[in-house]
Amino acid sequence: MTAPHHAIANRYGSDGDKQAYLRSLFDRGAAHYDRISGFGFLWTGGFYRRRCLRLAGLRPGMNVLDVACGTGAVSRACLDVLRGNGTVVGVDPSPGMLGVARRRVAGAQFVEGHAEMLPAADASVDFVTMGFALRHVAQLERAFGEYRRVLRSGGRVLLVEISRPRTRPGLVLARIYFRDVLPRLTRLVTGSEDAREMMDYYWETIDACVPPESILAALRSVGFEHVQRRTELGICSAYTATAP
């Protein structure tokens, strides 16, 4: 089994403590999350999410499971693409994030759960998506096995992530922005130390994440086909695969 990254020692003592830490972190920072996503990415997130979903094959008439939905940003983008024809269910382990999603995203259902034990029946959905949360699962193969279980034959999975740049200039720029600038800007704009902690941890997990080849290999290992990765700007990754 492949962990998405090693334990972040300054945040929790062992991998076993990770999920409790994450639930507390996102519960505390939920009220600020959408605001950070807005200014932190120059309000381009909605366009990018919709584009990724369309390129990955999301079409009206599909039933979608949005894993680690957070405050519902990807769920909202799914609803935009579906145009009233289809269903969206968002799943997240953080009650705080789900509370925000239920208030801000009409038309989707939100339930508590996590990637390794999805609250969905076998072969019940057409499309599974996860936006910027792959680094938070416990084991890649366990989560991907669940995605395959709930997908119908021919169903699609889309994983959108920020990846550690491979070029030296790209890595320097990413560290300056995500490690040094964004957490400080978050604290200044929100006035919340909890929100700043979320952004500190955001970069720490990006920096420690396994390479893209490991993610692609884990998708193949559980039986997914047509496994691919599309990149933009050397840092934005969209992983796609098809259930056999």
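Each value in this text was obtained by applying a stated rule to the coordinates, not by laboratory testing. Please read all numbers here as calculations on a predicted model, not as lab measurements. Positions of Cβ are backbone-derived with ideal geometry, glycine not excepted, and every protein chain shown enters the neighbour counts.
Structural remarks
Rundown of residues vs (1) crowded, with 23+ Cβ neighbours inside 10 Å; (2) touching a Leu at 6+ places or on another chain (Cβ under 9 Å); (3) hydrophobic (A, V, I, L, M, F, W, C), yes/no style:
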site: CYS69; (1), (2), (3): yes, yes, yes
site: ALA77; (1), (2), (3): yes, yes, yes
site: SER94; (1), (2), (3): yes, yes, no
site: GLN109; (1), (2), (3): no, no, no
site: THR129; (1), (2), (3): yes, yes, no
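- Test: residue in the range 220-229 that is assigned to a helix (DSSP H, G or I) and of a type outside the set (Val, Ile, Thr): yes
- Some residue of the range 43-53 being assigned to a loop (DSSP other than H, G, I, E, B), polar (S, T, N, Q) and under 18 Å from LEU185 (Cα atoms): yes
- Condition met for THR2 (among the hydroxyl-bearing types (Ser, Thr, Tyr) and closer than 22 Å to LEU219 by Cα): yes
- Helices (runs of 4 or more DSSP H) enclosed by the range 68-165 - at least 1 residues per element that are closer than 18 Å to ALA243 by Cβ and either more than 18 Å from the chain's Cα centre (by Cα) or touching a residue at least 60 places away in the same chain (Cβ under 8 Å) (or both): 140-150
- Among residues of the range 24-61 being touching a Leu at 6+ places or on another chain (Cβ under 7 Å) and within 17 Å of VAL89 (Cα to Cα), the one that is surrounded by the fewest Cβ atoms within 10 Å (Cβ to Cβ) is PRO60.
- Hey, THR87 loosely packed, with under 15 Cβ neighbours inside 10 Å and β-branched (Val, Ile, Thr) or not: no
- Applying the condition of being part of a loop (DSSP other than H, G, I, E, B) and touching a helix residue (DSSP H, G or I) at 6+ places or on another chain (Cβ under 8 Å) to the range 186-209 and asking which residue is nearest to SER237 (Cα to Cα) yields CYS209.
- Any hit, the range 225-242, residues being farther than 30 Å from ARG54 by Cβ and in contact with a His (Cβ under 8 Å, 6 or more places away or on another chain): no
- Considering residues of the range 11-64 that are closer than 20 Å to LEU158 by Cα and polar (S, T, N, Q) only, the residue farthest from the chain's Cα centre (by Cα): ASN63
- Scanning the range 96-122 for residues that are of a type outside the set (Val, Ile, Thr) and touching a Ser or Thr at 6+ places or on another chain (Cβ under 7 Å) turns up MET97, ALA101, ARG104, ALA108.
- Among (1) of a type in the set (D, E, K, R); (2) within 25 Å of ASP194 (Cα to Cα); (3) surrounded by 17 or more Cβ atoms within 10 Å (Cβ to Cβ), the one test that ARG11 misses: (3)
- Residues (in contact with a strand residue (DSSP E or B) (Cβ under 7 Å, 6 or more places away or on another chain), without any contact (Cβ under 8 Å) to a residue 24 or more places away in the chain and not basic (Lys, Arg)) located in the range 205-221: LEU216
- Residues of the range 14-23 that are closer than 26 Å to SER221 by Cβ and surrounded by fewer than 14 Cβ atoms within 10 Å (Cβ to Cβ): SER14, GLY16.
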